[in-house]
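All remarks here apply to the structure that follows.
Every number in this text was worked out from the coordinates using simple rules, so none of it is lab data. Since this is a predicted model, take the numbers as computed values, not measurements. Here the Cβ is made from the backbone with ideal geometry for all residues, glycine too, and neighbour counts use every protein chain on show.
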């Protein structure tokens, strides 16, 4: 069922959307190829929130009502996750240095028993950062 408007463009009616079509639109939006508004225009989807409803119902990225306000795309989510990874790596480095200091000051061997691989990684990271700092 298609309605033809005065301008000659055909617009889909509510009953027209198959699950395959919805999933195709959702896939394009979630991959970041289109925003939900661009998808509406491209496919002639009526209703301002139709695509958002599909995203919430069938999407894989956890679309919530606040997502539409933020206009969060998969690329933005990736950048946010990359920032979070960087913060966690820095926290890990700080904790590893604290363990090293505790070992030196109190004569303990925390890593020797429990974290032999972590100590090697931590020292290698520290040596690499010291090398980078001395080259600057």
Order by neighbour count: 52, 95, fewest other Cβ atoms within 10 Å first, most last.
-> 95, 52
In what sequence do 110, 99, 94, 26 fall when counting other Cβ within 10 Å, fewest first?
-> 94, 110, 99, 26
